[in-house]
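Before any comments, here is the structure.
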Amino acid sequence: MGDLTIGIDIGGTSVRASVVDDHGVMLDTLRAATPPTAGALEHCLDRLVGELTSRWAAKAVGLAIAGFLTPDRQMIRFAPHLPWREARVADDMTARIGIPVFLEHDANAAAVAEWRFGAAARGHNSLVLAIGTGIGAGLLLDGEIYRGSFGVAPELGHLTVVPGGRPCSCGKLGCWERYCSGTALVDTVIELLADGDWGRSQLAADVAADPGSLTGRRVAGAAADGDAVALAAFAQFAASLGQGLAMIADIFDPDLIVLAGGVGAASGLFLDEAREHYARLVTGSGHRQLARIRGTQLGESAGVVGAAEVARQGIRAAVTDTLRG
Ligand SMILES: [Zn+2]
């Protein structure tokens, strides 16, 4: 079974912790609601690890977090949906639980998992794009995470695709994730409904009756049923996805793109159209090879499995350092 490690994916609403073996198989999983304060969150993590290590001989813990980490990945500088600010999370938790703790950005953790065990395996230059509430992205060069010079690359969801466009929570206007995400689908439907009379659309009738019922998932369900408004929203989504992929291809020239996340999983609704936009908009269109685009294999487990793999790599690197003296 090899070394066992614990992967923990800390989301804004829930925490998921699993014991994972060196084949990426989850052996034992616990869940909890994400507590609102730093102290309560740390207590929750200690309790989950304590329960798992009482049953399994796990050697290290990896935490997958949506936020900015320091380049040495010891501290969390800022995580928009979590209570930690400038917090020495790895060292403090290691001191409390007695086994090493490693931090990783959640999109990078998911990318590591897809490369090691899933859809990005055998990719040379791979992009893993998690499309859900926003866009999370991980870039892998032969399996190594590309972090940039200061540890914060890549923020692909905040590339400006529409100058002066929709406001984004990052403070800018017209960011890619404001047009290519689950929340973007909702905004697009609201714009479409304000612009025209959609007659027999069930989605239009439902939104008129209960505006709060509109979610990305609801738009995807309506599109699968052939609803005209939902299909128009997905056509705009596909155009934006293709536009973004072409921009990324012009910088990074990947050979493999893996689509993950809640919206990424509904790729049957947009992938062919997005691929056409991507092929048309990339520089040198028709005269270069394009990346293969695949769906995720690990789905919502990618963060946990990737965090556990990061912990496994962390203890191996520490052993190598010790042997070198
Ligand atoms: Zn933004």
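The values are calculated or read from the model by the stated rules, or taken from the named source; none is laboratory data. Fair warning: this is a prediction, and the values are worked out from it, not measured in the lab. With ideal geometry, Cβ positions are generated from the backbone for all residues, glycine too; neighbour counts draw on all protein chains shown.
Results, tabulated for the structure shown:
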{"item": "Among the candidates GLY244, GLY264, GLY157, GLY182, residue that is in the same structural domain as ALA130 (by TED's automatic domain parsing), surrounded by 18 or more Cβ atoms within 10 Å (Cβ to Cβ), under 23 Å from ASN108 (Cβ atoms) and at pLDDT 95 or above", "result": "GLY244"}
{"item": "Extreme residue, surrounded by the most Cβ atoms within 10 Å (Cβ to Cβ), among residues of the stretch 193-216 that are at pLDDT 90 or above and outside any helix (DSSP H, G or I)", "result": "SER201"}
{"item": "Failed item in (1) crowded, with 16+ Cβ neighbours inside 10 Å; (2) farther than 23 Å from ALA107 by Cβ; (3) of a type in the set (A, V, I, L, M, F, W, C), with ALA224 passing the rest", "result": "(1)"}
{"item": "Meets criteria (outside the structural domain of ILE135 (by TED's automatic domain parsing) and either assigned to a strand (DSSP E or B) or under 21 Å from the mean Cα position of the chain (by Cα) (or both)) for ALA40", "result": "no"}
{"item": "Of all residues making up the stretch 12-26, the number that are surrounded by 15 or more Cβ atoms within 10 Å (Cβ to Cβ) and out of contact with any helix residue (DSSP H, G or I) (no Cβ under 8 Å at 6 or more places or on another chain)", "result": "1"}
{"item": "Number of positions in the stretch 144-169 that are touching a Pro at 6+ places or on another chain (Cβ under 9 Å) and within 10 Å of the ligand (Cβ to nearest atom)", "result": "1"}
{"item": "The stretch 170-192: number of residues that are in a helix (DSSP H, G or I) and within 11 Å of the ligand (Cβ to nearest atom)", "result": "3"}
{"item": "Condition check for VAL25: farther than 24 Å from ARG316 by Cβ, modelled with pLDDT of 95 or more and among the β-branched types (Val, Ile, Thr)", "result": "no"}
{"item": "Odd one out for GLY196 among (1) of a type outside the set (Ser, Thr, Tyr); (2) without any contact (Cβ under 8 Å) to a residue 24 or more places away in the chain; (3) within 16 Å of the ligand (Cβ to nearest atom)", "result": "(3)"}
{"item": "Some residue of the stretch 226-241 being in contact with a Cys (Cβ under 6 Å, 6 or more places away or on another chain) and not hydrophobic (A, V, I, L, M, F, W, C)", "result": "yes"}
